[in-house]
Structure formats: C-alpha cells, structure tokens
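Below is one structure, written out as structure tokens; comments come after it.
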Amino acid sequence: MKTPTHFGIGQEAIATGVCAALNDDDVIYTHHRSHTHYLGKGGSLFGLMAELLGRDGGCSKGRGGSVHLVDRSVGFLGSSPILGHSLALASGSGLAFKMDHTSKVAVAFFGEGACDEGAAWECFNYASVNKLPVLFVCENNLYATESPMSVRQHSEADLCKRLESFQVKAKKIDGNDVFDVYHAAINALNYCRNGHGPMFLECMTYRWREHVGPMWDYEINRTYRTKEELDEWIKKCPVIRARKYLIDEGIATIQAIDNWNNQIEQEISLTLEKAYESPWPDPKTLFENV
Ligand SMILES: Cc1ncc(C[n+]2csc(CCOP(=O)(O)OP(=O)(O)O)c2C)c(N)n1
Ligand SMILES: [Mg+2]
C-alpha cells in the first residue's frame, strides 16, 4: 500500500449504523480512520482498494491515499488527517444547507482526540448559535495515537456535559452495537433535519490494531495499553454482536449469514486482485488538478 492506513477494525458499527440512517443526498466528512465511513456511505470497494494501492482507478485517482479519499457521487466529501477538519467542513456544509432551505444534514466523524482541538469547540459553538443541521459523531476509542484520555482530560471531565454547556444536544451510546447506533442516528438526524440545530453522539468503542498500520500493539512491544484490555474489547466485537442479534431474533439464519460472509469475502478477493492489476496513473497527468 502506498499510503498510511489507519484501520477501523473494531469500530465498524459506528459508520455502518450512522450511514444506514442517512439519505443519499446527506454528506459526510471524516478523519484519518476513514475506510469504514467511505464504504458505509456507499463508496466503491474497488475505488477504495485502488486508492490505497495508488492506482489511477482509485477514488482520488491514486493521488490521495487513505487520508484523502473523496467521492462526491455518494456524498463522501472527504477524509483528511488534520484533526478537527471534518467538524469545520461539516459545519460549512450545514450552513450552506440551511441557507439553501434544504433538509439535508452534514455529518462529521472524528475521534475523541479531535475534541482536544480548539477548532472543534468553535464548530460546536457556531453550529449551536446558528442552529445548523450538523450531526457530530465522536468515535471515542479512548486513545489518541498512544495517549489515553486520562492524560489529556480531567478524570471528572465529560464530553457530553461539555457539549450541553454549548446548548448542543448530546448523547453517549454503545458504539459497538450497530442497532443502538442506527436508532440513535435516526433520532439525531430527525432532530437536525427539523431545524433544532446540531447534535453530538459520543460513541464508545475501541481500536483493535496499532494506531496506524495492521499490527497488534502487543506484537511490536507497544506498552501504552495492555493485551488484557484489548481482549476485553474483542469480546464486544460489533460484527459478532450483530450476527448474534440477527440469529437470536430470528431475523437471519446462520446459513444465510455464512453465505453473505462467503459472498463478501469473494467480492473482496476479486476486487483486490483487480486493483493490483489496474494501471498506475500516467506520469503525464502529474500536474493535473494541482
Ligand atoms: C491538528 C493535528 N494535530 C496532530 C495530528 C497528529 N495525529 C494524527 S492522528 C492523532 C490522534 C487522533 O486521535 P483521535 O482523534 O482520537 O482518533 P483515533 O486515531 O483514535 O481514531 C494525532 C494526534 C494531526 N493529524 N492533526
Ligand atoms: Mg481516539
């Protein structure tokens, strides 16, 4: 891969649940941990894989990589590694939607680390004062790179309470339960769409792999968190929990779910192969779009 890759493994339920609740013409912005959001909003699997491999067929023509994905055709207006960026751009879209008297909503996905940025608080305040249709989705995975919340925030600090002091409606939810996320997103989007202003969802979750790259922290002697803590969160795997719910509620059979898994795995393998075989950008186009 020709790009830094921040994997969302363990955090899938948030993008999936929120994006399932969106309309096609709603827009989203996201941060460096972008793959789940891109696929959730309907981005192309080939477009993502080719982009990670730097190929011409990538959604950003192989120029952007994981942290600069963009696909306007599905309302995915971009990922960026600059913490706080997604909140600022979503607030801008929210302002445009309000000025144009549309009922569209702009969504910003970001980590709890971005809430340490001044820009985030300017956005919460601006969106609140102007009652902008913006849904702020914080993926609180307890760490920003290798620093835990405890060294960045007072132990009594509570993100939702801070948001409420800006008169932004805020809700803390289980970010590893896709159905909880979906229902919370439906309610939040109704609230935003009906002119009440922005809403903030704090989705509690956990990143399984290292901050950037595919390794397990314990394999590479990273000591900022323990394997025991990770194992506890692996027990709360959002995919396994969704699977169990569907089976327990009689919504799908084990056989049906296994068939979906096989189909999807096959689609991923074939798409990856196709992406590897697809051409590099032509060097003659180097200065296009500059
Ligand atoms: C403005 C800014 N400051 C610092 C960084 C370096 N940086 C990249 S990712 C990251 C941690 C992000 O943590 P969080 O927002 O919680 O997202 P997570 O990686 O946990 O999903 C930092 C500090 C950056 N990209 N942008
Ligand atoms: Mg984080």
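Residue pairs whose Cβ atoms lie under 6 Å apart, sitting 6 or more positions apart in sequence or on different chains, and linking a residue in the stretch 74-91 that is within 12 Å of Cys59 (Cβ to Cβ) to a partner that is of a type in the set (Lys, Arg), are Val74/Lys41; Phe76/Lys41. Restricting attention to the stretch 233-253, the residues that are open to solvent by 90 Å² or more (accessible area, probe 1.4 Å) and more than 12 Å from Gly10 (Cα to Cα) add up to 5. List pairs: first residue in the stretch 134-152 and more than 11 Å from ligand 2 (Cβ to nearest atom), second residue assigned to a loop (DSSP other than H, G, I, E, B) anywhere in the structure, Cβ distance under 6 angstrom, at least six positions apart or on different chains. As it stands, the answer is Val134/Pro198; Leu135/Val105, since those pairs meet every condition given. Inside the stretch 142-165, residues that are more than 20 Å from Asn187 (Cα to Cα) and within 16 Å of ligand 1 (Cβ to nearest atom) make up a count of 14.
Do you know which of the residues in the stretch 142-186 that are among the aromatic types (Phe, Trp, Tyr) and not in a strand (DSSP E or B) is most open to solvent (accessible area, probe 1.4 Å)? Give the steps one after another, and end with the answer.
Let us first name the residues in the stretch 142-186 that are among the aromatic types (Phe, Trp, Tyr), namely 143, 166, 179, 182.
Filter once more, keeping what is not in a strand (DSSP E or B): 166, 179, 182.
On the way: Phe166: 60, Phe179: 62, Tyr182: 78 Å².
Top of the filtered list is Tyr182.
Picking from residues in the stretch 100-141 that are within 8 Å of ligand 1 (Cβ to nearest atom) and part of a loop (DSSP other than H, G, I, E, B), the one that is least open to solvent (accessible area, probe 1.4 Å) is Asn141. Residues of the stretch 54-61 include none that is of a type outside the set (A, V, I, L, M), part of a helix (DSSP H, G or I) and out of contact with any Cys (no Cβ under 9 Å at 6 or more places or on another chain). Have a look at Glu210, Glu229 and point out the one that is under 20 Å from Glu112 (Cα atoms) and part of a helix (DSSP H, G or I). Sole residue among the options that is under 20 Å from Glu112 (Cα atoms) and part of a helix (DSSP H, G or I): Glu229.
Kindly indicate which of Lys274, Lys236 is under 15 Å from Gly58 (Cα atoms) and in contact (Cβ under 8 Å) with a residue 40 or more places away in the chain.
Selected residue: Lys274, the only one of Lys274, Lys236 that is under 15 Å from Gly58 (Cα atoms) and in contact (Cβ under 8 Å) with a residue 40 or more places away in the chain.
A single member of Gly94, Gly75 is under 18 Å from Tyr191 (Cα atoms) and crowded, with 21+ Cβ neighbours inside 10 Å, and it is Gly94. Counting only residues that are β-branched (Val, Ile, Thr) and within 16 Å of ligand 1 (Cβ to nearest atom), which one in the stretch 199-230 is surrounded by the most Cβ atoms within 10 Å (Cβ to Cβ)? The extreme case among them is Thr205.
The values are calculated or read from the model by the stated rules, or taken from the named source; none is laboratory data. The structure presented is a predicted model; accordingly, all values stated were derived computationally and were not measured. Glycine gets a Cβ as well: all are built from the backbone with ideal geometry, and neighbour counts include every protein chain shown. Surface areas here come from the heavy atoms of the whole protein model, side chains and all, with no ligands, DNA or RNA. Shrake-Rupley method; radii C 1.70, N 1.55, O 1.52, S 1.80 Å.
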